[in-house]
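The values are calculated or read from the model by the stated rules, or taken from the named source; none is laboratory data. Because the structure is a prediction, the values reported are computed rather than measured. Here the Cβ positions follow ideal geometry from the backbone for every residue, glycine too, while neighbour counts run over all protein chains shown. In case anyone asks, the SASA skips ligands and DNA or RNA and just uses the protein heavy atoms, side chains included. Shrake-Rupley method; radii C 1.70, N 1.55, O 1.52, S 1.80 Å.
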Amino acid sequence: MQLTLEFGGGLELLCNSVKIHSVDVDHKVGEEKVQLTMKDLLAWVRKNLIKERPEMFMKGDSVRPGVLVLVNDCDWELSGQLDTILEEKDVVVFISTLHGG
Amino acid sequence: MEVVAEKPGRVRNCCLCNLRKAALKRPKTLQQICRECFYEVFEEEIHRVIVDNRLFKPGERIAIGASGGKDSTVLAYVMAELNRRHNYGLDLFLLSVDEGITGYRDDSLETVKRNEIQYGLPLKVVSYKDLYGWTMDEIVKMIGLKNNCTFCGVFRRQALDRGAALLKVDKVVTGHNADDIAETVILNILRGDIARLGRCTSITTGEDGPIPRCKPFKYTYEKEIVMYAYFKKLDYFSTECIYSPNAYRGFAREFIKDLERIRPRAILDIIKSGEDFRIATSTKMPEQGTCERCGYISSQKWCKACVLLEGLNRGLPKLGIGRRGIDNERNSRKTIENKQCGSLDF
Ligand SMILES: [Zn+2]
Ligand SMILES: [Zn+2]
Ligand SMILES: [Zn+2]
């Protein structure tokens, strides 16, 4: 599945200072397509994009409190947070509120 | 960036206008609202805080303490907007402190310089180098990373006052938000510092000092400030101060954010607790005089900055750090405790 991931508010520093990532996330088990949720995506991001200090990005299986998440420019608190189901070409934005004032 | 259609059926309409899809959930009220309604409630709530607390008088000159970070960038934008919309009649300025931190402050100052043009607000920069003869980089080279936040906090506070005096402003506004204030309440409780606990929740402080400071974002959630900056595509800088070790403060921050996730109202409730503490206590604050050396307000013979500078210039950088400084005990008060820098005193 093609997704665009954007990191802001200092989180880009955790992935080689690259803010925008066009990624292809596999969501198949064998030949069968399965749904990709935000929970799956977070695990994928942690494994594939975060190069340092993962604890700045995640806590448990969710984002660290203070990290805002938007799916297609909509607060993920409105779409079910970890249960949000992603679709082809979705844009997911992560912004830390924890850096600087 | 191209926005793909919202997920059908899942996101509800805005509970205020019922016309557009909701774009965020407000932490303060848990309302689901659209972008346009969000801009309106966000700005008008700040306007109400300004009016209800009589923060400004027509004709006043106001400096916005601008770091290039999210809070002060949004504050500058909203202040300029409200000043126009509601005819406050204020002369607004941006005031920045250049601590002399390579790769951090020089980059964030570039952001403030862009804000100067974007928002049409004149900018004044005061530097540690000009005021004290030392940059933060030079101080750290001398003292190491251990106590640098003591310098950072003391020097920055005074630098902002001196910049405000140069601009001849009546007040300084800072971007401290509700999360910052709740965090400071928690820190002051952990330190047993009830006197500061009262002060840190005041919307205006330093009315007895050279230039009062106020916090129009006292009730504004950090989440909403960041969402506002994101939706409006405001230009801000977001890198941690490289000299900020921040362990204790970071811990309090995490605690606040964990609470917010469970019950967002907790942030406002902590501020309320801080306010009520103030009424219940009557801890005496030290008498204010002026520094014999530089004339800045001080409860002791020399102000904190002068004690620290004396140490630096004599090659004894530990001077003034810790519970007792040099012979500087006019009111037998402790001198400078090793406080974390950040928004505590700024
Ligand atoms: Zn609406
Ligand atoms: Zn510092
Ligand atoms: Zn002095």
Next on the checklist: Using alpha carbons only, how many angstrom separate the centre of the range B:36-74 from the centre of the range B:262-277?
Outcome noted: 21
Checklist entry - Using a ≥ b ≥ c from the Cα gyration tensor of the range B:26-130 (square roots of the eigenvalues), is it rounded, prolate or oblate, where a/c under 1.5 gives rounded and otherwise the larger of a/b and b/c decides, a/b for prolate? => result oblate
Next on the checklist: To the nearest 20 Debye, how big is the dipole of chain A about its Cα centre, given +1 on the beta carbon of each Lys and Arg and -1 on that of each Asp and Glu?
Outcome noted: 440
Next on the checklist: I need the calculated FRET efficiency for the pair A:VAL25 and B:LEU19, taking r as the beta carbon distance and R₀ as 35 Å, to the nearest 0.05.
Outcome noted: 0.55
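Chain pair B, A: how much accessible area is buried, both chains summed, with a 1.4 Å probe, in Å² to 100? Intermediate results must be reported in sequence, preceding the final value.
Working: alone 17200 and 6030 Å², together 20150 Å².
Chains B and A together bury roughly 3100 Å² of accessible area.
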Checklist outcome for this item: Regression test value, accessible area per residue of the protein assembly as shown, probe 1.4 Å, units Å², expected 45
Next on the checklist: For a quick check of understanding: with a 1.4 angstrom probe and all protein chains in place, what accessible area in square angstrom does B:ARG105 have, to the nearest ten?
Outcome noted: 20
Next on the checklist: Past 25 Å, Cα to Cα: identify those pairs from B:LYS129/B:LYS257; A:LYS19/B:LYS232; B:LYS168/B:LYS215; B:LYS218/B:LYS257; A:LYS51/B:LYS113; A:LYS19/B:LYS129, in the order given.
Outcome noted: B:LYS129/B:LYS257; A:LYS51/B:LYS113; A:LYS19/B:LYS129
Checklist outcome for this item: Placing each pseudo-label 7 Å from Cα in the direction of the beta carbon, B:LYS141 and A:GLU87 end up separated by a distance in nanometres of 5.8
Checklist entry - At a probe size of 1.4 Å, how large is the accessible area of B:GLU292, to the nearest 10 Å²? => result 130
Checklist outcome for this item: Accessible-area order for B:LYS124, B:LYS171, largest to smallest, probe 1.4 angstrom, reads B:LYS124, B:LYS171
Item to check | Inter-chain Cβ neighbour average for residues B:225-231, partner chain, 10 Å | outcome: 4
Next on the checklist: Give the average, rounded to an integer, of partner chain Cβ atoms located within 10 angstrom of each Cβ in A:63-74.
Outcome noted: 6
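Other chains' Cβ within 10 Å of A:12-19 residues: what's the mean? Display every interim value, and only then the final one.
Values: counts 2, 3, 0, 0, 0, 0, 0, 0.
So the per-residue partner count for this stretch is 1.
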Checklist outcome for this item: Computed from every Cα-Cα pair in the protein assembly as shown, P(r) in 20 Å bins starting at 0 and rounded to whole percents is 24, 55, 19, 2, 0
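What shape does the range B:118-174 take by its C-alpha gyration tensor, where a ≥ b ≥ c are the square roots of the eigenvalues and a/c under 1.5 counts as rounded, a/b above b/c as prolate, and the rest as oblate? Before the final figure, lay out each step's value.
Details: a/c = 2.39, a/b = 2.20, b/c = 1.08.
Judged from the Cα gyration tensor, the range B:118-174 comes out prolate (a/c at least 1.5, a/b above b/c).
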Checklist outcome for this item: Rounded to the nearest 10 degrees, the helix A:38-48 long axis (Cα) sits at an angle to the longest Cα principal axis of chain A of 70
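Could you put B:ASP130, B:ASP170 in order of accessible surface area, largest first, with the 1.4 Å probe and the full protein assembly present?
On the way: B:ASP130 130, B:ASP170 70 Å².
So, going from the largest accessible area down, we get B:ASP130, B:ASP170.
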